[in-house]
Amino acid sequence: MSVLTKARSLALAAACAVSSLLLVATAPAVAQPDPAPQLDPVIVTATGYAQPLTDTIAHSTVLTREDIERSQAIDLPTLLAREAGLQLARNGGRGSATTLFLRGAPASQVLLLVDGVPQTREDATGSLGVEHLMLDQVERVEIVRGNVSAVYGSGAIGGVIQVFTKRGQGSPGGDIAAEGGSYGFGRVAANAAGQWGPTRASIGVSGQQSSGFSAQDASANPAVNPDRDGYRNTSGSASLGYEFERGHTLGLALTQTAGNLDYDSAFASAVDTQTSRTKISTVRLASSNQFTNDWLSTLALGWQRDDSSFVESGAFGTSSQYISGNQSLNWSNRVALAPQWNLNAGLDLQRQTIDTDDGFGGVYSESRNIDAFFAGVQGNAGAASVQFNLRYDDIGGIGGQPTGYLGLGWQLAPQWKVTASASTAFNAPPLGYLHAPYFGNPDLEPEKARSGELGLQYAAGNQLLRAIAFTSRVRNEFQYDFASNRFENIASSDNRGLEVTYEGVLGKTELGASLTRQDPTNADTGERLLRRAATLASASIWQPIGAWRIGAQWAYVGPRSDAGGVSLAGYSLVDLLAHWDLGHGAQLFGRIENLFNADYESVAGYNTASLSGFIGLRWKFQ
């Protein structure tokens, strides 16, 4: 029996043992240390444990519940679209397949987590399914840019995006919201949460529908059906937590989102129809135990399932289904080594699965195990701060992958800090890339990356400015080779650039801005990577006026190329937003999207929304 197999067995045994101890409430009562004063907001994803945002070395962002409600974003892609380093490409309207780029890295090189559970799809699409993640039950979203494989393992070349759903805390209460607007859009949502002594609970549900617009431009492609392509989504979440003894908590979190989409296919006729159904479910059971003043241990079991099916009519019609799954066990420990110095170490065990029937005879079912050890040290010594992480992943059928991260910070003055980091990363090929009939390649090797950053931060009061220069090199990238008719490790890419973000308050006016300049290129040809813009920018302004809060948002995406030698022009989008406090917990809100009716494409041949308006009512109660 190998060391990793023994570790897996020991970890599973530890999970059962700790759960049993908690269930019979025999965990020893130990004094929990008073939390250190922290600046808001607090971020978890950058290192795996909570710390003030201004203490992070990696360029990170926290979007709180207040930020989400103020933006009036409905889904995760809309919320992310104005963040530094992030670019989205959508194949039509709401719910359509959405490609996400983070620092030029495609979705397959970006790790998405929901409550700590990986959402990576193991099919041959390389997508994440972000278009189906709605925000009604989301408490906050954290973005960590750049290579952090040494913390999270495979898939974190471009960065990590983590979604945290709502948890019960404080006095019981909730909210109800309803909204309607252009393209036949309607949405209702209800949430309730609270704390009763040692018990915390929350529950939320939401539903929406939109008649939409034709996903593809029928004038450019007469083969597509010119009818409207609508979208319907139902989402829900629930959580339950219980503190058996001070410092010993058991928590359960469940989320599910189900989206039904009408879409267009270029391989059809003008009367054919295409529909898809996607259901994404996530469950996390976690035991958090403060065994001593210096040792905090968290054991988490995770389960995720992504079930997508597609039905197309016509001469080339078919019915297909793709079921991707991930079961995980994560045991992490934070140990205080000395004042202001901590050790983080543990195990991360995963089982990834894929079951596919593509409707054309491509039927396969595959799985693999990933066993990982990780350790990291973080601390401060005078004006200096250090983050050092090592991780080793043993991937079934592929082998061992070591990664490392070294980050340094230096406080030049109370308001000014310099940061620098160097790191390595890898991305294991999805099971579909390896085993899909006709085009899978079992000899694929992992993608490998190296990254470096140099940053400057100014933080004073309610002002935060960060400027990060970065460089990354990715080798052995996966690319479909039409000569061999399968995926191969034949691509390489480079990217270097600068990200600048600012948020602050001047008087009563709230301001935000970001600028990204980058050069994501094919390392062999020197050509810009498809759909990646060299310049991304955004700005926002919010002004309270009595019971009103008025805001404006602007976003710019520069020119870029698409498949087939198509050039896509740069575009700017301006939205106007307003909130009106009606009193007694009621709020009227509304927005105008694409104020100047910009005619643009994020993907060649696919339509985008024109000038549109929305209005809604929210009531919060205690």
>> Per residue of segment 318-331, what does 6.51 cos²θ - 1.76 cosθ + 1.60 with θ = phi - 60° give for ³J(HN,Hα)? Whole Hz please, x for Gly and Pro, Karplus curve as stated.
In response: 7, 10, 9, 8, 9, 10, 10, x, 8, 10, 9, 9, 10, 10
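Scan segment 557-622 for chymotrypsin sites (Phe, Trp or Tyr not before Pro) in coil per DSSP, keeping those whose Cβ has at most 11 other Cβ atoms within 10 Å, and list them by number. Display every interim value, and only then the final one.
Numbers: sites: Y571, W580, F589, F596, Y600, Y606, F614, W619, F621; in loops: F596, Y600.
Sites meeting the loop and neighbour criteria: F596.
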> For the chain, what is the calculated [θ] at 222 nm in deg cm²/dmol (nearest 500), taking -39500 (n - 2.57) for each run of four or more DSSP H residues and dividing by its residue count?
Replying inline: -2000 deg cm²/dmol
>> Based on alpha-carbon centroids, what's the gap between segment 576-591 and segment 164-200 in Å, whole number please?
In response: 16
> How far apart, in nm, are two points set 7 Å out from the Cα along the Cα-to-Cβ line at N369 and at N462?
Replying inline: 5.4
> Amide H to amide H under 5 Å from A84: which residues, 5+ apart in sequence or cross-chain, H placed 1.01 Å off N in plane?
Replying inline: none
>> With an 8 Å Cα cut-off and a minimum separation of 6 or more residues, compute the relative contact order for segment 227-346 in percent.
In response: 19
> How about segment 460-516: which trypsin sites (Lys or Arg not before Pro) there are in a DSSP loop, with at most 14 other Cβ atoms within 10 Å of their Cβ?
Replying inline: K508
> Round to a whole number: what % of the accessible area of the chain belongs to carbon and sulfur, probe 1.4 Å?
Replying inline: 60
> Where the centre of each part is set by its Cα atoms, how far does segment 429-447 sit from segment 466-484, in angstrom?
Replying inline: 18
> Calculated FRET efficiency, L611 and S281, Cβ-Cβ r, R0 56 Å, to nearest 0.05?
Replying inline: 0.95
> Out of segment 520-622, which GluC sites (Glu not before Pro) are coil in DSSP terms and have no more than 15 other C-beta atoms within 10 Å?
Replying inline: E527
>> Can you give the FRET efficiency to the nearest 0.05 for A523 and A336, using r as the Cβ-Cβ distance and R₀ = 35 Å?
In response: 0.20
> Accessible area per residue of the chain at 1.4 Å probe, in Å²?
Replying inline: 42
> Out of residues 5 or more away from S265 or on other chains, whose amide H comes under 5 Å of its own, with H placed 1.01 Å from N in the peptide plane?
Replying inline: N225
> If you take the beta carbon distance between N380 and R65 as r and set R0 to 25 Å, what does 1/(1 + (r/R0)^6) give as a FRET efficiency, to the nearest 0.05?
Replying inline: 0.25
> Name the residues of segment 468-500 whose amide N is less than 13 Å from a point 7 angstrom out from the Cα of F439 along the C-beta direction?
Replying inline: 479-488
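May I ask you to derive the relative contact order of segment 419-569, considering only C-alpha pairs under 8 Å and at least 6 residues apart, and to give it as an integer percent? Show your work: numbers first, answer last.
Details: 354 pairs, mean separation 21.9, N = 151.
It rounds to 15 percent for segment 419-569.
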>> With θ taken as phi - 60° and the coefficients 6.51, -1.76 and 1.60, list the Karplus ³J(HN,Hα) couplings across segment 511-520 in order, rounded to whole Hz; mark glycine and proline as x.
In response: 10, x, 7, 8, 9, 10, 10, 8, 9, x
> Which lysines have a Cα lying under 18 Å from the Cα of K166, excluding residues fewer than 8 positions away in the same chain?
Replying inline: K620
>> How much length would be gained if the chain were fully extended between L498 and R305, taking 0.36 nm per residue of separation minus their Cα-Cα distance, in nm to one decimal?
In response: 65.8 nm
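The values are calculated or read from the model by the stated rules, or taken from the named source; none is laboratory data. Quick caveat: nothing in here was measured; it's all calculated off a predicted structure. Glycine also receives a Cβ, built like all others from the backbone with ideal geometry; neighbour counts cover every protein chain displayed. When the accessible area is computed, the model is the full protein with side chains, heavy atoms only, and any ligands, DNA or RNA have been set aside. Shrake-Rupley method; radii C 1.70, N 1.55, O 1.52, S 1.80 Å.
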